[in-house]
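The values are calculated or read from the model by the stated rules, or taken from the named source; none is laboratory data. Note that the structure is predicted; figures quoted are calculated from it, not measured. Every residue, glycine as well, gets a Cβ built from its backbone with ideal geometry; the counts of neighbours run over all protein chains shown.
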Amino acid sequence: MAAIGLIESALRHGQQTLLLGRLRQRHLVPMAERLDGCGFAALDVFGGSPYEVALAHLAEDPFARLREVREVTATPLLCLLRGQALVGYRQLPDDVVDSFIAETASAGIDRFRCFDPLNDLRNLARPIAAVLEAGRHPEGTLVYTESPVHDLAGFIEIGRGLATLGARSLCILDAAGLLGAGNARALVAGLHQATGLPVTLHCAAVTGQAVFAYLAGAEGGAAALDVALSPLAGGASLPATEGVVAGLRGTPIAPDVDERRIAACADALDELMPLYRAAADPAGWQVDARTLVTQLAPSVQAHLRWECETQGVSDRLPAVLLEIPRIRAELGFPPLITPIAQVVVTQAVYNVASGERYLTVAQEVKDYLLGLYGRPPGPVDPEVQRLVCGGEEPLTVRPADVLDPMLERARRAMEREGLPVSDPTAVLHFVLFPDAAAALLRGEARAERLGDEAEAPTAAETGPPPARDDGGQGAAAAGEREPRGDREPASAPGATAEPSEAGGRVYDVEVGGERFRVLVRGGAGPQGGAAGPGPTRREGGGGAGDGDPEPVAHPGARAVVAPMQGLVLTVAVAVGDLVRSGQTVAVLEAMKMQNDITAATAGTVVAVHVTAGAIVSRDQKLVSIG
């Protein structure tokens, strides 16, 4: 048996899961230089949620970070891509995928690990082809999960499909630490026998069984294991590099690495940890065997707690935990990995909070059922499909097939805003995360302070926990909504607040490419301010919220109300319109999710209480139907 390779992942996955991706460029680059020469098969340094975090929170250019890392190390560099969604949360057109991969290869990445949250091979075909076109190594990745529609034979078939697409190696991505020793050995051996490709294991340490899976997988023929230096290992992260090296010492598969140099690197990284205490969540390091039952990676659990607090149902967490597997089954048993995990969790909270299942429907749930994320692994419950989507038929083609090219439209939008378009990576930043990219390009971005410079930010300041890609991506809920069709890319809907002499706060809001200045008085949200979460409601009662116009009597009329705080993106009806049950009357944005607010009964619109751009509180009237 040959020595097993180790892929050091502290600089991407480790800091993503335990430090919310906050590792600064000035620390990242010297650490990469120290790791060079340790004997690692690769360094995992790019992609995932740290890309967004670098732009939005560190005021750093992700590609500049990568180029500097490339300059100081000869070790092969690896990045993680969410298939056709790249480092975002929605499928992207092929021109964006091709450009992103070409630029990433040019900046120094050797190995592209490509996965799809639903294991839909259609979403991996173009990324793998683009990696091959760039002359780099595509690693086809299958997301491991357990359900009635998943088994080892099915995963091996996915491996065959990845090999057919052109993958040169395979990775088993086990984001929640579900893979036991027996399945690890069988799956590694089966994949290698079926494809002849080398197989890497990536298992979260959170359940405590990853080291057993690693040993069994190595004995079954794994070519490499993902590990992380001990200061950023364990819990939501990976098994510790030093522990794996020591555990395999004296065996035929002992990795050929420099243990003294690795220990020195761990010491250097440990010295940096006090600087990041504001970003470090102690719960991230914990072993939590309950994950074997819930299948929720630690960051998804953090998102769940945040959602429950936002909706005021923290005391009903057991009910939400029972609702999650029920929704997962109705959606065809998708793996609970970002962004699908956040979509399922959010819908579970909505169902419990509203007291009626699917009364409030997240737009992302509807998009999932319409096939915009890809093909569900198993059959979808037909009644839920009908309830959420009505007569709309799901896609039967690859989601990206219905997307128009985006790069040229993005360049035009940037030119209108006075942003430079000569650098193709700047255009990519703008396509993926327009607000953060625009701020960086204008020189307006401000980096968060490190833990030794300021107190940790409050939950109200940070919003939902970042969604971490490999299952729990530290980063936010289900992500930015990408421009589709012939719409120009614009800043993601949102609001920035400043004090107002009139009492209250003034918000600069962008909706559908139009900018509004909105004055909000009173306590509509945290610190007298604003928008929190907001989903879709089929209908409900409830009185007027703060800032409602003087109510007009409409005998027998029923109000459609906002299920929670949020930003009104669209009012889809006008007074006098006839509406049917289930018809969308408004679209509300909150927690980076767009939600259709729908009518529960048919009738005539007798009053519209809000306009696009308004920030509404929970139970505030939107429209009345008589």
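Points to keep in mind about this one:
- When residues of the stretch 240-281 are limited to those that are touching a helix residue (DSSP H, G or I) at 6+ places or on another chain (Cβ under 8 Å) and assigned to a loop (DSSP other than H, G, I, E, B), the one farthest from Phe40 (Cα to Cα): Asp281
- Hey, Thr145 surrounded by fewer than 24 Cβ atoms within 10 Å (Cβ to Cβ) and among the polar types (S, T, N, Q) or not: no
- Test: residue in the stretch 106-123 that is closer than 17 Å to Thr200 by Cβ, more than 22 Å from the chain's Cα centre (by Cα) and surrounded by fewer than 21 Cβ atoms within 10 Å (Cβ to Cβ): yes
- Taking the listed residues Gly217, Gly284, the one that is touching a helix residue (DSSP H, G or I) at 6+ places or on another chain (Cβ under 8 Å), within 22 Å of Leu187 (Cα to Cα), buried (at least 22 other Cβ atoms within 10 Å of the Cβ) and not hydrophobic (A, V, I, L, M, F, W, C) is Gly217, with no other qualifying.
- Within the stretch 322-346, the set of residues being of a type in the set (S, T, N, Q) and at pLDDT 95 or above is empty.
- Leading residue by the ranking (farthest from the chain's Cα centre (by Cα)) among those in the stretch 25-49 that are modelled with pLDDT under 95 and of a type outside the set (S, T, N, Q): Gly37
- The stretch 1-24, subset basic (Lys, Arg) and crowded, with 24+ Cβ neighbours inside 10 Å, residue modelled with the highest pLDDT: Arg12
- Residues that are in contact (Cβ under 8 Å) with a residue 40 or more places away in the chain and of a type in the set (Gly, Ala, Ser) were ranked within the stretch 51-84; the one that is surrounded by the fewest Cβ atoms within 10 Å (Cβ to Cβ) is Ala59.
- Among residues of the stretch 36-53 being touching a strand residue (DSSP E or B) at 6+ places or on another chain (Cβ under 6 Å) and aliphatic (A, V, I, L, M), the one that is farthest from Glu68 (Cα to Cα) is Ala41.
- Among the residues listed as Leu432, Leu419, the single one being buried (at least 18 other Cβ atoms within 10 Å of the Cβ) and more than 23 Å from the chain's Cα centre (by Cα): Leu419
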